[in-house]
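The values are calculated or read from the model by the stated rules, or taken from the named source; none is laboratory data. Computed from a predicted model, the values in this text were never measured in an experiment. Ideal geometry is used to build each Cβ from the backbone, glycine not excepted, and the neighbour counts take in all protein chains shown. Areas reflect the complete protein model, heavy atoms only, side chains present, ligands, DNA and RNA absent. Shrake-Rupley method; radii C 1.70, N 1.55, O 1.52, S 1.80 Å.
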Amino acid sequence: MAIDAVLIPGGGLSALGEVTPWVQARLERAIALQPAPRWFMPLSAGTTHKPPPLDAHGFPILESVAAAHYLHQRGIEGDRIVPETVSLDTIGNAYFARVQHVEPL
């Protein structure tokens, strides 16, 4: 059985913009899937409940982009990582993953 894609929910970032331990666990589980998925889709720009952490240049760090960096550092090729960068809640995760990535792919 082939796995086309795995969607990985966000779950917050540390004050330094790093993925939290529970998100790391989700990412590690996605990495361990066999057969390996063709696409890894980390989800979420962030939340409306608190401001995002900022990078060294003062720009917001998106949850899905931080998760994408984590995946890449763990050996997943960059062209297999397609972060969803718009949503701010779970319903938005599903909607924007579908219209941004699933349908076009």
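Computed values, structure above
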quantity: Residue check, Gly46 out of contact with any Pro (no Cβ under 7 Å at 6 or more places or on another chain) and assigned to a loop (DSSP other than H, G, I, E, B); calculated: no
quantity: Some residue of region 25-38 being within 23 Å of Met1 (Cβ to Cβ), buried (at least 17 other Cβ atoms within 10 Å of the Cβ), in contact (Cβ under 8 Å) with a residue 24 or more places away in the chain and of a type outside the set (A, V, I, L, M, F, W, C); calculated: yes
quantity: Among (1) open to solvent by less than 50 Å² (accessible area, probe 1.4 Å); (2) assigned to a helix (DSSP H, G or I) - the single one Ile91 does not satisfy; calculated: (1)
quantity: Residue in region 24-33 that is within 25 Å of Ile91 (Cβ to Cβ) and assigned to a strand (DSSP E or B) present; calculated: no
quantity: Every residue from region 43-73 that is open to solvent by 100 Å² or more (accessible area, probe 1.4 Å) and not small (Gly, Ala, Ser); calculated: Thr48, His49, Lys50, Pro51, Leu54, His57, Phe59, His69, His72, Gln73
quantity: Residues within region 74-86 that are open to solvent by 60 Å² or more (accessible area, probe 1.4 Å) and either touching a residue at least 40 places away in the same chain (Cβ under 8 Å) or small (Gly, Ala, Ser) (or both), tallied; calculated: 2
quantity: Qualifying positions in region 2-21 - over 21 Å from Val86 (Cα atoms) and surrounded by 11 or more Cβ atoms within 10 Å (Cβ to Cβ); calculated: Ile3
